[in-house]
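All remarks here apply to the structure that follows.
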Amino acid sequence: MIEIPKFLEPIITALQNGGASPVLVGGFVRDSLLGIAIKDIDIEVYNISDFDAMIKILKLFGSINLVGKSFGILKLSYSGYELDFSLPRLEKKIGPGHKGFDVFLDPKLSFVEAAARRDFTINAMGFDLNSHTLLDPYNGQKDLNNKILTYVNKETFIEDPLRVLRAVQFCARFELSSKEELIELSRYICEKGLIKELPKERMYEEFSKLLLKSKKPSIGLALFETFGLTKYFPEISNKNNLFEHIDVMVNLKTKNSKRDMVLMLSLIVFHFSSTEDVKLFLQKFLNETQIIKEVLNLYMYRYALNDLAQKPLINYDILLLSTKTIIQNLLILGQAQGKDFKEIKRRAEQLSVLTCKPKPLLYGRDLIELGLNPSTLFSTILEAAYDAQLQKNFTNTKDAKIWLKNHINTLIY
């Protein structure tokens with residue numbers, strides 16, 4: 001059953017009063033039929049004179065973003081939601097990559113014509129807000145019920161190589177089986193090397209949906225080979241029970257999407273042979289330097305808990321590790337692989353360094369108070385002082401300053 005959100009009613013009425021025929025499309029219809037909570041709402045507006053006429057109606061309801069105007073798309077911020085409104089369009093392939101299309105806007109198109117540009121039948125359904133009927137010219141509901149993923153149009157499917165990654169993540173998220181014809185087309189795209197044409201941002205978006213929105217990401221990861229994606233991502237293979245561990249990680253997510261992505265990717269690269277291999281893999285689909293940096297950090301210290309667990313546990317070792325990486329993230333990676341470091345966790349919590357390192361008790365201003373002029377020596381002195389703090393030579397600022405005064409000559413010379 002497709003239920004129309006109440007807050008949309010005034011906008012729908014305004015469009016209808018303007019002679020338009022609004023249709024809910026894409027993921028909204030698919031997810032409604034699956035009973036999945038819906039966050040993204042896309043509305044295609046038919047039978048309206050032009051884009052400016054749509055803007056004139058919608059601007060009455062809130063702030064409008066025209067970032068997608070050339071594609072006939074505008075975003076409306078309304079009632080706490082980001083709504084996408086678009087005009088029906090046709091697309092013609094004119095160049096390589098995901099954006100190599102000419103777009104032809106035509107509000108008079110039929111839904112059948114407009115939906116023909118969609119990737120999969122399950123995404124080519126609409127819900128007519130005038131007649132309150134499901135529009136399903138390509139049998140998407142039947143495929144959804146039968147848990148089958150297949151393309152809308154064989155000829156146009158291969159024009160967009162991103163659709164191979166989308167196929168993988170849809171199979172994982174909704175636990176679908178792929179028709180053999182779809183697999184063959186996907187392998188053709190990969191064999192031609194067309195994946196390389198894609199912008200990293202779009203690839204990362206599909207990786208994110210696969211890893212963060214699937215109950216069993218392993219389904220999608222296993223399909224990398226089936227669909228031919230291992231030609232570009234040979235690193236995605238089920239070594240060391242990677243797929244099983246990734247599925248366990250789903251239940252350990254922290255509800256912080258960026259952190260969860262770092263943890264998922266860290267698990268994928270866990271058994272890579274070098275930091276250079278990790279970096280090369282991540283840079284194929286990722287531009288966010290901070291995420292790459294955090295994954296590399298966890299990779300470098302991935303065996304640190306094993307090392308600590310094999311010798312008498314000393315507070316200094318735990319404190320020192322907390323200055324290099326986030327211990328809680330290492331514990332989650334270990335848990336995904338069936339390892340339990342309860343005592344290390346207990347001790348890290350006791351020392352208040354589970355999620356952060358200790359704050360330094362001494363700073364450059366304390367050196368200046370002792371009559372020193374700022375110089376390159378400051379960092380050396382403060383590093384030695386911080387190490388002394390970790391060794392519990394002092395535990396408060398007052399004692400830290402006394403320690404510094406007594407040791408400053410040694411630290412300088």
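Structure above, values below:
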| item | result |
| --- | --- |
| Computed P(r) (all Cα pairs; region 94-195; 5 Å bins; percent) | 2, 12, 21, 23, 19, 13, 8, 2, 1 |
| Long-range Cα-Cα pairs in region 1-153 (distance over 28 Å), rounded percent | 17 |
| Dipole of the chain [Lys/Arg +1, Asp/Glu -1 at C-beta], most positive-end residue of 220, 326, 112 | 326 |
| Overall dimensions of region 247-308 as given by Cα atoms, namely Rg and Dmax in Å | 11.7, 34 |
| Part-to-part distance (alpha-carbon centres) for region 365-413 and region 134-203, which is given in Å | 61 |
| Helix 289-300 axis, angle to the chain major axis (alpha carbon atoms, nearest 10°) | 50 |
| 0 to 90° range, to nearest 10: angle between helix 162-174 axis and the chain longest Cα axis | 80 |
| Listed residue pairs exceeding 31 Å between alpha carbons, taken from 179/209; 147/339; 209/293; 179/284; 200/239; 258/342 | 147/339 |
| For region 273-413, diffusion coefficient by Stokes-Einstein and Kirkwood Rh (Cα), 10 °C, 1.306 mPa s, µm²/s | 92 |
| Kirkwood-type radius of region 154-271, with distances r between different C-alpha atoms, in Å | 14.4 |
| Two-decimal Rg to Rh for region 364-412 - Kirkwood Rh, Cα set | 0.93 |
| Under Karplus coefficients 6.51, -1.76 and 1.60, residue-wise ³J(HN,Hα) of region 21-28 in Hz, glycine/proline x | 10, x, 9, 5, 9, x, x, 4 |
| Cα lying deepest toward the dipole's positive end in region 364-412, options 396, 378, 367, charges on Cβ | 396 |
| For region 21-48 and region 299-332, distance of Cα centres in Å | 48 |
| Over the chain: helical MRE at 222 nm, DSSP H runs n ≥ 4 each giving -39500 (n - 2.57), nearest 500 | -14000 deg cm²/dmol |
| With Cα atoms, 0 to 90° folded angle of helix 327-336 axis to the chain main axis | 60 |
| Share, in percent, of DSSP beta bridges within the chain that are antiparallel, nearest 5 | 80 |
| Cα-based convex hull, region 301-350, per residue volume (Å³, whole number) | 66 |
| Cβ charges +1 (Lys, Arg) and -1 (Asp, Glu), total dipole of the chain, debye | 1160 |
| Largest-first principal axis extents of the Cα set of the chain (Å) | 84, 49, 39 |
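Read-outs throughout are calculated quantities, based only on the coordinates presented, and are distinct from any laboratory measurement. Note that the structure is predicted; figures quoted are calculated from it, not measured. Using ideal geometry, Cβ is built from the backbone for each residue, glycine included, and neighbour counts are taken over all protein chains shown.
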